[in-house]
Amino acid sequence: MILSRRLIDSISSKWMLACLTFCLLLPLAIGAGLVFKSMPLLSSHKLSELLFSSEWYPSDNQFGFWPFIVTSVWVTVLALIISCPLCLLASIYLTQFAPKWFLKFMRPVIDILAGIPSVVYGVWGLLIIVPFVGDKLAPFFHADSLGYSILAGAIVLAVMTIPYILNMLLEVFRQIPVELGEASLSLGATKWETIKHIFLRKGSSGILSAFGLGFSKALGETIAVLMVIGNVIQIPQSVFDSGYTLPGLIANNYGEMMSIPSYDSALMFGALLLFAIIIVINVIFRYIIYKSELV
């Protein structure tokens, strides 16, 4: 009996270790595969030329990724500027002010929003957001735009990331002991002072983690943004200009790569860039979280 238990424990620990090892090796395998596929391009072009050049003429073997990098960062950062405050305030209201039945009602609603396919958000953006930006917002700011713009992509992307960030923030505030808030209120603090000094400070690392994961999620979105951003290869000068993101570049052109030399390697290098940017952003957020926990 004891031998049987020991055998079961040994097998269980080994397969769990194998699963953990697989999860750890998976990003390394993805990165190694992208580097391998990108080597033909990297061997024939300087890295600085690929990263900072704006010349994109695949037929002439010119691959400048700077417009795609700038557009991806513009759209993602603008989307988070829109969605993060909304998610933070909504999560505070749902956990601290709203009745319990309302929070129970909102959870499946948030899950439904998270489960809607991105192409549906893209169609919604085409029908509502693009005309709104082109006919209302752009004239209000005295700008010329057809609606297919950085701003339209950011709005659609912000709506798509709201359920993910909001779900994580709800869990962050749910994990904070209620006794901390009750102790603060008993000492004479107001409700808002308790939220600001207790809940926000106690949950700061979780809030930063939610924003960091939201950034990674937003940076990799493809179809919805591709449908509303215009897909024009240029460095945008304002939020009303069209642009072209790295995920959109890969999704739009992967089927054509076989007809032009080095196109396959260029698109894989674009995927490698996206992979590297997400890793860098996550490392930065982890460092900020580490510093915040020391304060």
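Read the figures in this text as sums done on the coordinates, not as results from a lab. If you're wondering where the values come from, they're calculated on a predicted model, not measured in any experiment. FYI the Cβ positions are ideal-geometry reconstructions off the backbone, even for glycines, and counts take in every protein chain you see.
Shape class for segment 2-44: prolate, because the ratio a/c of the largest to smallest gyration tensor axis (alpha-carbon atoms, square roots of eigenvalues) is 1.5 or more and a/b beats b/c.
Near Ile176, no amide H atom lies under 5 Å from its own; only residues 5 or more places off or on other chains count, and H is placed 1.01 Å from N.
A dipole drawn for segment 52-294 from +1 and -1 charges on Cβ atoms has a positive end, and of Leu208, Gly115, Phe105 the residue lying farthest that way is Phe105. Packing, as the average of other Cβ atoms within 10 Å across residues, places the peptides 267-276, 179-188, 80-89 in the order 267-276, 80-89, 179-188, highest first. Dipole size of the chain about its Cα centre, with +1 on Lys/Arg Cβ and -1 on Asp/Glu Cβ: approximately 1200 debye, rounded to the nearest 20.
A straight line joining the Cα centroids of segment 9-56 and segment 266-292 runs 13 Å. Spherically averaged projected area of the convex hull of Cα atoms, segment 178-292: 10.7 nm².
The gain in end-to-end length when the Phe132 to Ser186 segment is fully stretched comes to 14.6 nm, 0.36 nm per residue minus the alpha carbon separation. Along segment 199-205 the Karplus relation, 6.51 cos²θ - 1.76 cosθ + 1.60 evaluated at θ = phi - 60°, assigns HN-Hα couplings of 6, 5, 6, 5, x, 4, 5 Hz to successive residues, with x for each Gly and Pro.
Adding -39500 (n - 2.57) for every DSSP H run of four residues or longer, then dividing by how many residues the chain holds, sets the calculated 222 nm ellipticity at -22500 deg cm²/dmol.
How do the peptides 44-54, 225-235 rank, highest first, by the average count of neighbouring beta carbon atoms within 10 Å per residue?
So the order, starting with the most tightly packed, is 225-235, 44-54.
Result for the chain in a Gaussian network model with C-alpha springs under 10 Å: among Gly115, Gly134, Gly153, the largest mean-square fluctuation is at Gly115. When both segment 57-82 and segment 145-176 are represented by their alpha-carbon centers, they are found 20 Å apart.
Of the residues Trp74, Trp101, Trp56, the one that moves most in a GNM of the chain with alpha-carbon contacts below 10 Å is Trp101.
Scanning residues 5 or more positions from Gln62 or on other chains, those with amide H under 5 Å from its amide H are Tyr57, with H placed 1.01 Å from N in the peptide plane. Among Val156, Val77, Val280, the residue with the largest mean-square fluctuation in a Gaussian network model of the chain, with springs joining Cα atoms closer than 10 Å, is Val280.
What the phi angles of segment 14-22 give under the Karplus curve with 6.51, -1.76 and 1.60, with θ = phi - 60°, is a coupling list of 6, 6, 5, 5, 5, 5, 5, 4, 4 Hz, glycine and proline written as x. Seen from Ala143, the other residues with C-beta closer than 13 Å to its C-beta sum to a net charge of -2, counting Lys and Arg as +1 and Asp and Glu as -1. Residue-wise HN-Hα couplings along segment 29-45, as the Karplus relation 6.51 cos²θ - 1.76 cosθ + 1.60 with θ = phi - 60° gives them from phi, are 5, 5, x, 5, x, 5, 5, 4, 5, 8, 4, x, 6, 5, 6, 10, 9 Hz; Gly and Pro carry x.
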